[in-house]
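Encoded as structure tokens, the structure appears first; notes follow it.
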């Protein structure tokens, strides 16, 4: 039986996938639980239109992410932190401080949730790299420097 998944189902597929399963699995489990619907011609047309619109939106988001990467190519971010006598900083530098520094220094706004710092936080002065995931296909490694204030 051909069905369209309404939600992600482990070991079967993801939302909006069209899959073929045994009749009993579809009628006794997937459809009653609201995990799937029958793949009748009208539902197939709706699915095709939904996928087309999603692809258009994804393409638009991807292009915006690529434009943002072009802006980020040539920037050098410096983050000031209070430093103790041993060279370690008080507190730590995390994704929030990096996002704020980029906004303050270059007026480019990046969501802090898209910035990944190795080890979650930086606790010393130096040059480091943060990964910025703007889209599932668009990633960028941003070099930043933590300096003593």
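Every read-out reported here was derived from the displayed coordinates using simple, explicitly stated rules and does not represent laboratory data. Model, not experiment: these values are computed from the prediction. With ideal geometry, Cβ positions are generated from the backbone for all residues, glycine too; neighbour counts draw on all protein chains shown.
Here are a few things to note about the model shown:
- DSSP-defined beta bridges in the range 74-148 - what % are antiparallel, rounded to 5: 75 percent
- Value of [θ]222 nm, deg cm²/dmol, for the chain, DSSP H segments ≥ 4, -39500 (n - 2.57) each, nearest 500: -10500 deg cm²/dmol
- 0 to 90° range, to nearest 10: angle between helix 95-106 axis and the chain longest Cα axis: 70 degrees
- Sites residue 1 and residue 33, calculated FRET efficiency, Cβ-Cβ separation with R0 25 Å, nearest 0.05: 0.95
- For the chain, the Kirkwood radius over C-alpha pairs fed into Stokes-Einstein at 10 °C and 1.306 mPa s yields D = 84 µm² per second.
- For the range 74-148, the equivalent ellipsoid built from the Cα gyration tensor has semi-axes of 22, 13, 10 Å, listed from largest to smallest.
- Net length gained if the chain between residue 94 and residue 12 were fully extended (0.36 nm per residue, minus Cα distance): 25.8 nm
- The modelled label-to-label distance between residue 83 and residue 112, using points 7 Å beyond Cα along the C-beta direction, is 2.4 nm.
- Multiplying each eigenvalue of the alpha-carbon gyration tensor of the range 2-68 by 5 and taking the square root yields semi-axes of 29, 13, 8 Å, largest first, rounded to whole angstroms.
- Label point 7 Å beyond Cα of residue 69 along Cβ direction - residues of the range 98-112 with amide nitrogen under 18 Å: 109-111
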